[in-house]
Structures are given as C-alpha cells and as structure tokens.
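Notes to accompany the following structure.
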Amino acid sequence: MSITSEAYRDALRHFPAGVTIVTILADGERHGLTVSAFASVSPTPPLIMVAIDHRHRAHDILQKPGATFAVNILHAEQAELSNRFAWVKDEDRFAEGNWTAAQTGAPVLADALAWLDCIIYAQYEAGTHTIFIGEVQASSTPRHDEPPLIYWNRSYRKLNHSTPAV
C-alpha cells in the first residue's frame, strides 16, 4: 500500500531545508531554479546532489552535452531572489542579483552564503525527478558568517543562531 502524494508532502513539510538556487549553463544558455532537494554526497571526490523534476525546463537543459551547474546557497535575506527563481516565468530571472561566472562558466551569485560550481558526474532516474550528481570544481563562501535561508512548514524561516542547541 502506498501513501497519497498529499500525505507524503504533508509529512515532509515538517523537515526544514536550506534554500538554494541551482543555475545552469549549456550551449551558451543560462537558466536557474529554486531547489531545496540538495545534499552533500562525498568529500573525495567532492560530490553533491540535486533533484530536478522531469517537467522542469532545467531538466532538459541539464541533459545537454557539456552542461554545467552551480548550487548557490542562500542567506536569510535572499527570500525575494528565491521566489524570483521559483515563480518568474517570462522575464529574465538573472535581471536581479549580483551574478558572475564560476570556473565552469555556470552563473554564481556573488553574495550568496556559499556556492559550489559543478560538472555532471552522474545522473539517476528517481520517480518524477532525476538526481544529478555534481562533481565540485570550485566553491566560495562569500557571506559565511550569516545565517541561511530556511524553508519549513511551507514558508521561509530565519535561523535564530544566537543560542546554540545543547
């Protein structure tokens, strides 16, 4: 017996996640989307993973030969930029933010909490998504002392980092 999609989503909304913008470069085309399905995989070689829905335009772009991508980890004050990359359809998503190119050419947010620049190492089909494993080629932590943007219970949250957990 399988649970419903609604029950599955209702349970997972209680798991807090960091918020990222995954940016892609393929055949000179830039694209980006907001992603919370991101995790580290291995320190040697340095690997990360992102899960992208098959229906999203980003999925097709990542399938192109030579595609590269970056994971931009957002800080607590970047909720508007996250929304822009989640919801804006017809305008240039990159018109807002301080964008530059990473080693691979993928766009990176110069004032992100941190970013990881990747080449595609592997990909695996997983239900409605593809898990893209990225081999990190370069990284930076431009705003490493600031708290991250958190998504929990269907809205953005700010981490109260003044008191460490015991």
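The values are calculated or read from the model by the stated rules, or taken from the named source; none is laboratory data. Predicted, not measured: the structure shown is a model, and the values here were computed from it. Positions of Cβ are generated from backbone atoms using ideal geometry, with glycine treated the same way; all protein chains shown enter the neighbour counts.
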Right, ALA76: in contact with an Asp or Glu (Cβ under 9 Å, 6 or more places away or on another chain) and closer than 19 Å to LEU116 by Cα or not?
yes
Checking ALA138, ALA86, ALA112 in turn, the sole residue that is among the small types (Gly, Ala, Ser), in a helix (DSSP H, G or I) and in contact (Cβ under 8 Å) with a residue 12 or more places away in the chain turns out to be ALA86
Count - residues of the stretch 124-147 that are under 15 Å from the mean Cα position of the chain (by Cα) and within 30 Å of SER5 (Cβ to Cβ)
6
Give me the residue from the stretch 89-109 that is in a loop (DSSP other than H, G, I, E, B) and surrounded by fewer than 17 Cβ atoms within 10 Å (Cβ to Cβ) and, out of that set, modelled with the lowest pLDDT.
ASP90
Within the stretch 23-49, residues closer than 11 Å to ILE61 by Cβ and surrounded by 15 or more Cβ atoms within 10 Å (Cβ to Cβ) come out as THR23, ILE24, LEU25, ALA26, ARG30, HIS31, GLY32, LEU33
